[in-house]
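Down below is the structure, laid out as structure tokens.
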Amino acid sequence: MEGSAAGALEQAQAHHAVHYVNRIGWLRAGVLGANDGIVSTASLLAGIAASGASPDVILLSGIAALFAGAMSMAAGEYVSVSAQSDTERADLAKEKKAIAQQPDVELQELRNIYVERGLKPELAEEVARQLMEADALAAHARDELGISEISTARPVQAALTSAATFSAGAVAPVLAAAVSPAPVALVVVVVTSLLCLALLGYVGARLGGGKIGRSVGRVVFWGMLAMAVTAGAGRLFGAAI
């Protein structure tokens, strides 16, 4: 009997060991950073190459885009996620004050949430009461505000992840430009970047549990569109200059 109970416990632990949503914080920042690194750098290089610029100018533009983009992504992620974190802290402080001043009202509020989710009123009230006794703020943060350990804003993590993945994504088109002779630089940069985008879509789908074909298709489509528009602009304005 004990063996079967232990086996059931092991199965339950294995069942809950991996959830895709647990990766959402760093996966979102990672995919965004890598995608932006590939698309923005490759698009810039495509525009510069299409304008008829020399290989040195193309390579220098790519290197500058890599560093500028990485810093921009880090700063942008840190600022935006910090704003989210500030909002979370303000809501938690407000909720903590309400729990201290009106515990009965907050108990009924939590009870009503569980009733709306399908529990019977008596059971909902008992669950709410026990959770309030265990950790009232955590219960309200999770079930009323939607703030949990999984979704909590982490500005530094988001900034570092975005900067690192942007740089990793931008390296591919920059290297492609570095080894390509001027006549074929545009083609090599575009093809290399599209292959990297397809790989990114595949990895993102595998890590996030999404459909591989859909994930690959959307990143390749938008990357191709961005490079086509920028290359067109480079050719148009390069010819005009």
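The values are calculated or read from the model by the stated rules, or taken from the named source; none is laboratory data. For clarity, every value in this text was computed on a predicted model and none was experimentally measured. For neighbour counting, all protein chains shown are included, and Cβ atoms are generated from backbone atoms with ideal geometry for every residue, glycine included. We work out accessible area using only protein heavy atoms, side chains counted, and drop any ligands, DNA or RNA first. Shrake-Rupley method; radii C 1.70, N 1.55, O 1.52, S 1.80 Å.
If DNA, RNA and ligands are ignored and the probe is 1.4 Å, what is the ranking of 78, 114 by accessible area, most exposed first?
Numbers: 78 110, 114 15 Å².
Sorted by accessible area, descending: 78, 114.
Using the eigenvalues of the Cα gyration tensor, what equivalent ellipsoid semi-axes result for the range 40-132 when each is taken as the square root of five times the eigenvalue, whole Å, largest first? List each step's numbers first, then the result.
Working: eigenvalues 649, 52, 11 Å².
Each semi-axis is √(5λ); the values are 57, 16, 7 Å.
Can you work out the PRE-style zone for residue 145? Point 7 Å along Cα to Cβ, and I want the residues of the range 73-94 with backbone N under 16 Å.
82-94
Report the label-to-label distance for residue 138 and residue 179 in nanometres (one decimal), using points 7 Å from each Cα along the Cα→Cβ vector.
Each label point lies 7 Å from its Cα, and together they span 5.2 nm.
How far, in nm, would the chain grow between residue 94 and residue 120 when pulled straight, counting 0.36 nm per residue and subtracting the alpha carbon separation? Can you show the working numbers first?
Values: separation 26, 0.36 × 26 = 9.36 nm, distance 2.85 nm.
Fully extending the segment from residue 94 to residue 120 adds 6.5 nm.
Full-extension gain between residue 56 and residue 101, please, as 0.36 nm times their residue separation minus the C-alpha to C-alpha distance. Intermediate results must be reported in sequence, preceding the final value.
On the way: separation 45, 0.36 × 45 = 16.20 nm, distance 6.75 nm.
Contour length minus the Cα-Cα distance gives 9.5 nm.
Per-residue accessible area for residue 56 at 1.4 Å probe radius, Å² rounded to 10?
Looks like 120 Å² after rounding.
Give a residue-ordered list of calculated ³J(HN,Hα) values for the range 159-175 (Karplus: 6.51 cos²θ - 1.76 cosθ + 1.60, θ = phi - 60°; whole Hz; x for Gly, Pro).
So the Karplus estimates, Gly and Pro as x, are 5, 5, 5, 5, 5, 5, 6, 4, 4, 4, x, 6, 4, 4, x, 5, 5 Hz.
Quick check on packing: order 212-219, 154-161 by the mean number of other C-beta atoms within 10 Å, highest mean leading.
On the way: 212-219: 15.6, 154-161: 18.8.
Those peptides, ordered most packed to least, come out 154-161, 212-219.
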